[in-house]
Amino acid sequence: MIYAIEATGLGFVKIGKSHKPNSRMAELMTGCPAPLELLAARDWHDDLEWHIHRRFSKSRVHGEWFRWDDDLDGFLQTMWCPYCDEARRLDLAMAKLGFHIVPRPQPARLTGSNG
């Protein structure tokens, strides 16, 4: 699972992976001078974390912490998108990371085909 946690008021976001993002956030709170807020957690493959870190390397502050700039904001909006189903959200995120996305074909029951 990939998560984004904001250090409120500092303009920093931690992007990491954890099967328990709320527990991870609680661990981070003990050493953070600002309140933390879980912005999004998506059930995406852990390997995607490396691609996200690489894509936003120019915004890296330290380790897995990134400066919340316009570029990163667009990605975070995609992670959070309340109007997208999970497949669409992942497609949008992958496109923002520079991957070529092949459109998913509609199932026959939606296109009217029986073939």
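Since every read-out is calculated from the coordinates, none of them should be taken as a lab result. Predicted, not measured: the structure shown is a model, and the values here were computed from it. Note: ideal-geometry Cβ built from the backbone for every residue, glycine included; neighbour counts use all protein chains shown.
Dividing the alpha-carbon radius of gyration of region 11-77 by 2.2 N^0.38 Å (N being the number of residues), what value is obtained?
1.08
Using a simple spin-label model with points 7 Å from Cα along the Cα→Cβ vector, what separation in nm is obtained for His45 and Lys58?
Those two pseudo-labels are separated by 2.7 nm.
Could you tell me which Cys residues in the chain have no other cysteine's Cβ under 4.7 Å from their own Cβ, answering none if every one has a partner?
Cys32, each lacking another Cys Cβ under 4.7 Å.
Can you spot the aspartates and glutamates whose alpha carbon is less than 18 Å from Lys96's alpha carbon? Ignore those fewer than 8 places along the same chain.
Partners within reach: Asp43, Asp46, Asp47, Glu49, Asp69, Asp70, Asp71, Asp73, Asp85, Glu86.
Given Trp80, Thr8, Trp44, which one lies farthest toward the positive end of the charge dipole of the chain, if we put +1 on the Cβ of every Lys and Arg and -1 on the Cβ of every Asp and Glu?
Trp44
Nearest 500 deg cm²/dmol is fine: what mean residue ellipticity at 222 nm does the chain get from its DSSP H runs of n ≥ 4 alone, each adding -39,500 (n - 2.57), divided by its residue count?
Taking each H run of at least 4 residues, the total per residue is -10500 deg cm²/dmol.
As an exercise, take the mean of 1/r over every pair of distinct alpha carbons in the chain, invert it, and state the Kirkwood radius in angstroms.
Hydrodynamic radius (Kirkwood, Cα pairs) of the chain is 15.3 Å.
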